[in-house]
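Down below is the structure, laid out as structure tokens.
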Amino acid sequence: MSPHTSHLALELRDVTKAYGPVRALDGVSLTVPRGTFLAVMGPSGSGKSTLLQVGAGLDTPTSGRVVIGGHEVSRLDETQRTLVRRRAVGFVFQSYNLLPSLSVEENITLPLRLAGAEGDRAWLAQVVDRIGLGPFLGRRPAELSGGQQQRVAIARSLVARPDVVFADEPTGALDAATASDVLGLLRDLVDDFGQTVVMVTHDPRAAARAHATVVVDDGRLRDHLANPSAEALAASLVGVR
Ligand code: ADP
């Protein structure tokens, strides 16, 4: 399947990940269409991190298929997976993970340098402009607020035009108002740029900003809710173990 013909940014087919006797993922099938925002919720130990690791090609499934932007990464060795991941996947973490000695601009373009890619200057300018980072490009991360640092991390995640951005508790370190702004930005990137975002969160208010939410329980997908309210999500989590 060519990356350009697939309307799916991400596909998991009957994915299992076992750690000894523990099935962290137990027969998970999931499709994420391009240009959609999916939240992943579930209690601690339910398999969310494993879903992110395996879905992003950081780790391999024990069985099943993982296809990112048309590339079946579950069939690739680690070196090949790394190459696909650099082009096809962006990451946003709770703790921003910016390099303190680099400027904002150098942080944003780091994925291109790692991939040995020229990058698309027009796209970079568009991302910087949309995220409002123009005035900060020469600064160091420590000179920015938490919300601004997360915006830098979001710009970095987009710079290689990935098929999917994986966000792991992206608002976990932010106050409520800043968290809301960052979630609004993620949603806008999906709605305006057609970006695909998969976000792990424990916060029903954050998940309510996505187009859909899957609830993971004991390594399985228990629920797939389209446009749920924060109240519906909170209710759905009640009774999960
Ligand atoms: P969550 O992110 O929802 O808290 P995880 O994906 O981290 O859940 O974990 C799911 C299950 O897999 C848990 O039972 C956890 O203990 C187990 N697990 C996760 N990673 C490992 C590992 N590297 N080795 C052994 N067990 C693991």
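Could you tell me the relative contact order of segment 153-241? Use alpha-carbon pairs under 8 Å, at least six residues apart, and round to a whole percent. For segment 153-241, the relative contact order is 23 percent. The value given for segment 1-105 is a Kirkwood hydrodynamic radius of 14.9 Å, derived from the mean inverse Cα-Cα separation.
Normalised by 2.2 N^0.38 Å, where N is the number of residues, the alpha-carbon radius of gyration of the chain equals 0.98. Can you give me the angle between helix 176-193 and the longest principal axis of the chain, using Cα atoms only, in degrees from 0 to 90, rounded to the nearest 10? Once rounded, the angle reads 90 degrees. For segment 202-218, the residues whose backbone nitrogen is under 20 Å from a point 7 Å from the Cα of R187, taken along Cα to Cβ, are 202-215.
Only Cα pairs under 8 Å and 6+ residues apart enter the sum, and on that basis the relative contact order of the chain stands at 28 percent. Here the relative contact order of segment 1-93, from alpha carbon pairs under 8 Å that lie six or more residues apart, stands at 32 percent. Taking Cα centre as origin and charging only the Cβ of basic (Lys, Arg, +1) and acidic (Asp, Glu, -1) residues, the dipole magnitude of the chain rounds to 320 debye. Taken over segment 186-241, the ratio of Cα radius of gyration to 2.2 N^0.38 Å equals 1.16. With respect to the chain, whose longest principal axis is taken over its alpha-carbon atoms, helix 78-88 is tilted by about 60°.
Taken over the alpha carbons of segment 56-135 as equal point scatterers, the Debye sum produces base-10 log I(q)/I(0) values at 0.26, 0.27 Å⁻¹ of -1.28, -1.32. Identify which of S74, S49, S157 has the largest mean-square fluctuation in a Gaussian network model of the chain, with springs joining Cα atoms closer than 10 Å. Per the Cα network of the chain with a 10 Å cutoff, S49 tops the list. For segment 81-220, the alpha-carbon radius of gyration amounts to 1.02 times the rule-of-thumb value 2.2 N^0.38 Å expected for a compact globular protein. 3J(HN,Hα) along segment 223-232, derived from phi through the Karplus expression 6.51 cos²θ - 1.76 cosθ + 1.60 where θ = phi - 60°, amounts to 8, 10, 10, 8, 6, x, 7, 4, 5, 5 Hz, with x in place of Gly and Pro. Between segment 71-117 and segment 16-36, how far is it from one alpha carbon centroid to the other, in angstrom? Cα centroid of segment 71-117 versus Cα centroid of segment 16-36: 22 Å apart. Close amide H pairs (under 5 Å, H built 1.01 Å from N) link S229 with no residue at least 5 positions away or on another chain. Most mobile of D59, D217, D129 per a Gaussian network model of the chain (Cα springs, under 10 Å)? Per the Cα network of the chain with a 10 Å cutoff, D129 tops the list. Farthest towards the positive end of the charge dipole of segment 50-204, among the residues A167, L58, L186, is the Cα of L58, using unit charges on the Cβ of Lys, Arg, Asp and Glu.
Below 14 angstrom from the Cβ of L174, what's the summed charge of the other residues (Lys, Arg +1; Asp, Glu -1)? With Lys, Arg at +1 and Asp, Glu at -1, the net is -2. When you filter the GluC sites (Glu not before Pro) in segment 63-151 for DSSP loop state and at most 10 other Cβ atoms inside 10 Å of their Cβ, you are left with E118.
Each Lys or Arg adds one and each Asp or Glu takes one away; over the other residues whose Cβ falls under 13 Å from the Cβ of G132, this sums to -1. In the chain, the longest principal axis of the Cα atoms and the axis of helix 104-115 are about 60 degrees apart.
The numbers here are math on the coordinates, done by the rules we state, and not lab data. For clarity, every value in this text was computed on a predicted model and none was experimentally measured. Here Cβ is always computed from backbone atoms with ideal geometry, including for glycine, and neighbour counts include all displayed protein chains.
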